[in-house]
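Visitor: Just passing along the structure, written as structure tokens.
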Amino acid sequence: MSYFIIIRGPLGVGKSTIAKKLAKILHAEYVSIDTVLEKYGLDKVKIEKWIPAKNFIKATEIILPEIKEKLSHGKILILEANFYHKKQIEHLVQNLSFPRYAFTLKAPLEVCIRRDSKRKKTLGKEATEAVYKLVSCFDYGTIIDTNKKTIDKIVKEIISYIDLS
């Protein structure tokens, strides 16, 4: 059975690591919306402080045909991003008539800042704080607290919400 999973949350919460591990366990395909934004220059903003919803929707439009194709052939997809605009999630869901699961990953801001600072490609405290604030404006799907949990425990918790039959 094909379905897609949305993994959202702030910088440094562990989205990519968790989504990749989940994809491996479920034999799913991992899709990073941030990679799409970067590839098409949609991550560059001149006036706004953060990437506007229209850029995220444009990135989604670019990959929708491929996502639909894979889902229609029985694939499972893990879509990972900050998803700090509710419009982006709504656009995605409206355009994909397949079963879905959504998870918002959470951790304290200090934890996210610390995790970001340990990356090879750190985005910095200011960006981490800004994205944290935006993502925290709304919850979507099942809330998963990642604080003081191992990656394996978080993935196991996510899987517990998915119908694997």
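The values are calculated or read from the model by the stated rules, or taken from the named source; none is laboratory data. For clarity, every value in this text was computed on a predicted model and none was experimentally measured. Here the Cβ positions follow ideal geometry from the backbone for every residue, glycine too, while neighbour counts run over all protein chains shown.
Visitor: Among the residues of segment 110-127, is there at least one that is exposed (fewer than 14 other Cβ atoms within 10 Å of the Cβ), within 15 Å of Leu11 (Cα to Cα), among the hydroxyl-bearing types (Ser, Thr, Tyr) and more than 15 Å from the chain's Cα centre (by Cα)?
Guide: yes
Visitor: Further, regarding this structure: Scan segment 140-153 and tell me whether some residue there is loosely packed, with under 13 Cβ neighbours inside 10 Å, closer than 23 Å to Tyr3 by Cα and charged (D, E, K, R).
Guide: Yes: segment 140-153 contains one or more residues that are loosely packed, with under 13 Cβ neighbours inside 10 Å, closer than 23 Å to Tyr3 by Cα and charged (D, E, K, R).
Visitor: Quick one: what pairs do we get from segment 48-74, first residue within 23 Å of Val131 (Cα to Cα), second of a type outside the set (A, V, I, L, M, F, W, C) and part of a helix (DSSP H, G or I), C-beta under 6 Å, 6+ apart or different chains?
Guide: Ala53/Lys87; Ala53/Gln88; Phe56/Gln88; Ile57/Gln88; Ile57/His91; Thr60/His91
Visitor: Please state which of the following conditions Tyr84 fails to meet, knowing it meets all the rest: (1) under 27 Å from Leu164 (Cα atoms); (2) at pLDDT below 95; (3) in contact with a strand residue (DSSP E or B) (Cβ under 9 Å, 6 or more places away or on another chain); (4) not in a helix (DSSP H, G or I).
Guide: Result: Tyr84 fails condition (1) only.
Visitor: Okay, next question. At least 3 residues that are out of contact with any Leu (no Cβ under 8 Å at 6 or more places or on another chain) and either under 23 Å from Cys112 (Cα atoms) or small (Gly, Ala, Ser) (or both) in each: list the helices (runs of 4 or more DSSP H) lying fully within segment 1-80 that qualify.
Guide: 15-26, 33-39
Visitor: Exactly one condition in (1) surrounded by fewer than 18 Cβ atoms within 10 Å (Cβ to Cβ); (2) at pLDDT 95 or above is false for Pro52; which is it?
Guide: Evaluating Pro52 over (1) surrounded by fewer than 18 Cβ atoms within 10 Å (Cβ to Cβ); (2) at pLDDT 95 or above leaves (2) as the failure.
Visitor: What is the one condition in (1) of a type in the set (D, E, K, R); (2) modelled with pLDDT of 95 or more; (3) not in a helix (DSSP H, G or I) that Glu110 does not satisfy?
Guide: (3)
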